[in-house]
1. How many of the residues making up segment 164-173 are closer than 14 Å to Lys115 by Cα and in a helix (DSSP H, G or I)?
2. Taking segment 8-33, which residues are outside any strand (DSSP E or B), closer than 27 Å to Gly193 by Cα and of a type outside the set (S, T, N, Q)?
3. Which one of Glu196, Glu155 is farther than 22 Å from Ser110 by Cα and of a type in the set (D, E, K, R)?
4. Which members of segment 72-94 meet the condition of being in a loop (DSSP other than H, G, I, E, B) and either in contact (Cβ under 8 Å) with a residue 60 or more places away in the chain or buried (at least 17 other Cβ atoms within 10 Å of the Cβ) (or both)?
5. For segment 121-134, which residues satisfy the criterion of being at pLDDT 95 or above and buried (at least 20 other Cβ atoms within 10 Å of the Cβ)?
6. Quick one: count up the residues across segment 118-147 that are of a type in the set (A, V, I, L, M, F, W, C) and either touching a Lys or Arg at 6+ places or on another chain (Cβ under 7 Å) or closer than 18 Å to Lys184 by Cβ (or both).
7. Among the listed residues Gly111, Gly106, Gly70, identify the single one that is within 24 Å of Glu186 (Cα to Cα) and under 13 Å from the mean Cα position of the chain (by Cα).
8. Go through Ala161, Ala117, Ala124, Ala157 for me and flag whichever is assigned to a helix (DSSP H, G or I) and in contact (Cβ under 8 Å) with a residue 60 or more places away in the chain.
Amino acid sequence: MFLSVQAQNCPGISVEPNAFELSAGDTLMFTVATKFLKTTVTYIWTISAGTIISGQGTAKILVNTKNMDGGFVTATVELGGLPATCNKTASASSEIIPGAQLVVSGTFTSGQDLKKAVQRFIAASNFDNEPETGTSVIYLYKKSSNSVSEYQNFEKAIISAFEFNKILPSQYRILDGGTRKLAKYEFYLLHPGAKEPGPSL
């Protein structure tokens, strides 16, 4: 949402977000834009959700959206020092999209372990072949002793389990997370528009 206001002999005021939608956990920025401002003003910000990290009292604030899954953040600024007849406030909103959700994780020694992990993921997330359920990102972390062919067989086990459940290939991605002491898996659920996670440390 974008709102700009201007009256006779008064500046035009608007608030602009750096994104109209972003994933939960990302930093959101709101900036004041003014037209025909002829005096020094002060800035007082209020937000409907989240936490202002920095910028209170300036023309730009940063907002922490951690643990905010869904909904909107509306930022409102009030400019002090304007004539009494001027409109002193403006607002803007951004939608917070749920971030990547880690649904199941664990260690494995065989393809059968991974097939069971797929079943657990589907059951825990109600994941099916409808687009509204989102998509999945799977990270596989191999041991240094795993050969290329072993890793490929692990991938095939995951693919066959998804195929058995009639999940389309476009609904999931299997990514190489690198080498660990133990072979591990992580199944993430991504709601539409959510940012893809990186491998865990």
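The values are calculated or read from the model by the stated rules, or taken from the named source; none is laboratory data. Quick caveat: nothing in here was measured; it's all calculated off a predicted structure. Neighbour counts run over all protein chains shown; Cβ positions are idealised from the backbone, glycine included.
1. Here the count works out to 1.
2. Just the residues of segment 8-33 that are outside any strand (DSSP E or B), to begin with: 8-11, 18-20, 24-26.
Restricting the remaining residues to those that are closer than 27 Å to Gly193 by Cα gives 18-20, 24-26.
Of everything in segment 8-33, those that are outside any strand (DSSP E or B), closer than 27 Å to Gly193 by Cα and of a type outside the set (S, T, N, Q) turn out to be Ala19, Phe20, Ala24, Gly25, Asp26.
3. On the way: Glu155 fails: farther than 22 Å from Ser110 by Cα.
Matching residue, one of Glu196, Glu155: Glu196.
4. Going residue by residue through segment 72-94, those that are in a loop (DSSP other than H, G, I, E, B) are 81-88.
Listed by number, the residues that qualify are Leu82, Pro83, Thr85, Cys86, Asn87, Lys88.
5. Step one: filter segment 121-134 for residues at pLDDT 95 or above, giving 121-124.
Residues satisfying the conditions are Phe121, Ile122.
6. Just the residues of segment 118-147 that are of a type in the set (A, V, I, L, M, F, W, C), to begin with: 118, 121-124, 127, 137-138, 140.
From the residues that got through so far, the ones that are either touching a Lys or Arg at 6+ places or on another chain (Cβ under 7 Å) or closer than 18 Å to Lys184 by Cβ (or both) too are 118, 121, 124, 137-138, 140.
Qualifying residue count for the region: 6.
7. Working: Gly111 fails: under 13 Å from the mean Cα position of the chain (by Cα); Gly106 fails: under 13 Å from the mean Cα position of the chain (by Cα).
When all the criteria are applied, what remains is Gly70.
8. Values: Ala161 fails: in contact (Cβ under 8 Å) with a residue 60 or more places away in the chain; Ala124 fails: in contact (Cβ under 8 Å) with a residue 60 or more places away in the chain; Ala157 fails: in contact (Cβ under 8 Å) with a residue 60 or more places away in the chain.
Step by step, each of Ala161, Ala117, Ala124, Ala157 is checked, and only Ala117 is assigned to a helix (DSSP H, G or I) and in contact (Cβ under 8 Å) with a residue 60 or more places away in the chain.
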